[in-house]
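Q: Dropping the structure in here first, questions after.
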Amino acid sequence: MGTRGRTLLTCGGAAALFLALAPGSRAQDAAVVDAKHYKVVFENDQVRALRITYGPGERSVMHSHPAGVAVFLNDLHGRFTMPGGETRDFEVQAGTVQWSEAGVHQPENLGDSPFEVIQIEFKTRPAAHDAVADESVIRASAPAWAAAYNAGEADAMAEMYWKDAVLLPPGAPAATGTAAIRAFLAGDIAATKAAGLTMNIPEAGVVDVSGDLAYETGTYSVTDASGTIVDTGKYIGVFQKRGGEWRYVHDTWNSDGPPAPTPE
């Protein structure tokens, strides 16, 4: 088996839905990963407007949004599933105008009627707000990565890394670039699933953002089908911001346990 430890399966440094693939990451941009429900109807250098439409009972995929203002055109009974797996049900009345901070979630329409929302996303923010938004992107990455890993979404996870990123798994050669990273993750996910294991990263650890570079380091656990912890470890993901988007540029981890014995 693989896990983010030994050659256990990986928990690639962490990864909006959206985010949490994470806010600001194109791979987790709602209009990119869920074009059925999110349509760009206006865009300039300062804002982007989305028309959001859901049919009864419809559900999206994990994705991210920058900070903005939402205008609800219908009554809405919905649910957000967060990167760590927790859910938040909510009800909103038609005509409500609401501010929303940058974040990562997976929405679902719990009602028996369609709904429509106009969301105005801001591209330019004061520096203080940008710092908060940048940190929220990084913090969302690890839980979102784990959620995508457990869901078998290797393609989405590979898009969380820049095309020249390097994945440094323990006990295996470095994987450089999107294709190599995706291939490693797909194999690792398959081994994890076959072993009946689950990756757990409920929240980010220490985050530090400095200009266009950032890192996040934390811990993970791996559980079997009974919920028993079979491995724990730590990781560090290094991020770079390019064109306003944060993605992994380096990612590595290792298990707290001793290396697996070498076959004789």
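Q: What ³J(HN,Hα) values, in whole Hz, does the Karplus curve 6.51 cos²θ - 1.76 cosθ + 1.60 give for the stretch 78-94 when θ = phi - 60°, with x put for Gly and Pro?
A: x, 9, 9, 9, 8, x, x, x, 6, 10, 9, 8, 8, 10, 9, 8, 4
Q: May I pose another question? P(r) for the stretch 153-247: what percent of alpha-carbon pairs falls in each 5 Å bin, starting at zero?
A: The distribution over the stretch 153-247 is 3, 12, 18, 23, 23, 14, 6, 2, 0, given as percents.
Q: Also: Under a point spin-label approximation (7 Å from Cα along Cα-to-Cβ), what is the residue 113-residue 206 distance to one decimal in nm?
A: Computed distance between label sites residue 113 and residue 206 equals 5.2 nm.
Q: Tell me which aspartates and glutamates have Cα within less than 19 Å of residue 163's Cα, excluding those fewer than 8 residues away on the same chain?
A: Result set, ordered by chain and number: 29, 153, 155, 212, 245, 251.
Q: Express in nm, to one decimal, how much length is gained between residue 45 and residue 123 on full extension, taking 0.36 nm for each residue of separation and deducting their alpha carbon distance.
A: Stretched out fully, the residue 45 to residue 123 stretch lengthens by 27.4 nm.
Q: According to the square roots a ≥ b ≥ c of the eigenvalues of the Cα gyration tensor, what is the shape class of the stretch 24-76, taking rounded for a/c under 1.5, prolate for a/b larger than b/c otherwise, and oblate for the remainder?
A: Oblate, since a/c reaches 1.5 and b/c is not below a/b.
Q: Remind me, what semi-axes does the chain give for its equivalent ellipsoid, largest first in whole Å, using sqrt of 5 times each Cα gyration tensor eigenvalue?
A: Equivalent ellipsoid semi-axes, largest first: 33, 21, 15 Å.
Q: Which distance in nm do the two modelled labels at residue 74 and residue 179 give, with both placed 7 Å along the Cα-to-Cβ direction?
A: So the label points at residue 74 and residue 179 sit 4.4 nm apart.
Q: Less than 15 Å Cβ to Cβ from residue 80, Lys/Arg counted +1 and Asp/Glu -1: what total charge do the surrounding residues give?
A: Overall, the nearby charge balance is -4.
Q: Students often check this: by mean Cβ neighbours within 10 Å, which of 81-90, 151-160, 193-202 ranks highest, and how do the rest follow?
A: Descending packing order for the listed peptides: 151-160, 193-202, 81-90.
Q: Order 51, 59, 79 by their accessible area, 1.4 angstrom probe, all chains in place, largest first.
A: Result of the area sort, largest leading: 59, 51, 79.
Q: Could you compute the FRET efficiency for residue 32 and residue 193, with r as their C-beta to C-beta distance and R0 at 25 Å, rounded to 0.05?
A: Computed FRET efficiency for residue 32 and residue 193 comes out at 0.45.
Q: Using modelled backbone amide H atoms (1.01 Å from N, in-plane), which distant-in-sequence or interchain residues come within less than 5 Å of residue 201's amide H?
A: none
Q: A further question on this structure: Quick check: Cα centre of the stretch 173-205 to Cα centre of the stretch 67-129, how many Å?
A: When both Cα centres are located, 30 Å separates them.
Q: Further question: For residue 251, which sequence-distant residues (separation of 5 or more, or a different chain) have an amide H within less than 5 Å of its own amide H, given hydrogens modelled in the peptide plane?
A: Here the answer is 166, 168, 238, since their amide H atoms fall under 5 Å of that of residue 251.
Q: Sequence-distant or interchain residues sharing an amide H contact under 5 Å with residue 67, placed H: which?
A: 102, 122
Q: Now for a separate question. Applying the Karplus parametrisation 6.51 cos²θ - 1.76 cosθ + 1.60 with θ = phi - 60° to the phi angles of the stretch 166-180, what ³J(HN,Hα) value in whole Hz is obtained for each residue in order, glycine and proline being reported as x?
A: 10, 9, 10, x, x, x, 8, x, 4, 10, 10, x, 4, 5, 5
Q: Right, next: How far apart, in nm, are the 7 Å Cα→Cβ label points at residue 163 and residue 58?
A: About 3.2 nm, to one decimal.
Q: Tell me, what HN-Hα J-couplings in whole Hz come from the Karplus equation 6.51 cos²θ - 1.76 cosθ + 1.60 at θ = phi - 60° for each residue of the stretch 60-73, using x for Gly and Pro?
A: Coupling constants for the stretch 60-73: 8, 10, 4, 8, 10, 9, x, 5, x, 10, 10, 10, 8, 8 Hz.
Q: Highest mean first, how do 226-237, 91-102 rank when packing is the count of other Cβ atoms within 10 Å averaged over residues?
A: Highest to lowest by the protection proxy: 226-237, 91-102.
Q: Please check which bits of the stretch 183-216 a label hung off residue 228 would reach, taking the label as a point 7 Å along Cα-to-C-beta and the cut-off as backbone N under 19 Å.
A: 192-200
Q: Residue 193: which lysines have alpha carbons under 23 Å from its alpha carbon, excluding same-chain residues fewer than 8 sequence positions away?
A: Correct list for residue 193: 234.
The values are calculated or read from the model by the stated rules, or taken from the named source; none is laboratory data. Every value quoted in this text rests on a predicted model; they were computed, and no experiment measured them. Quick reminder, even Gly has a Cβ in these numbers, built from the backbone with ideal geometry, and neighbours come from all protein chains shown. When the accessible area is computed, the model is the full protein with side chains, heavy atoms only, and any ligands, DNA or RNA have been set aside. Shrake-Rupley method; radii C 1.70, N 1.55, O 1.52, S 1.80 Å.
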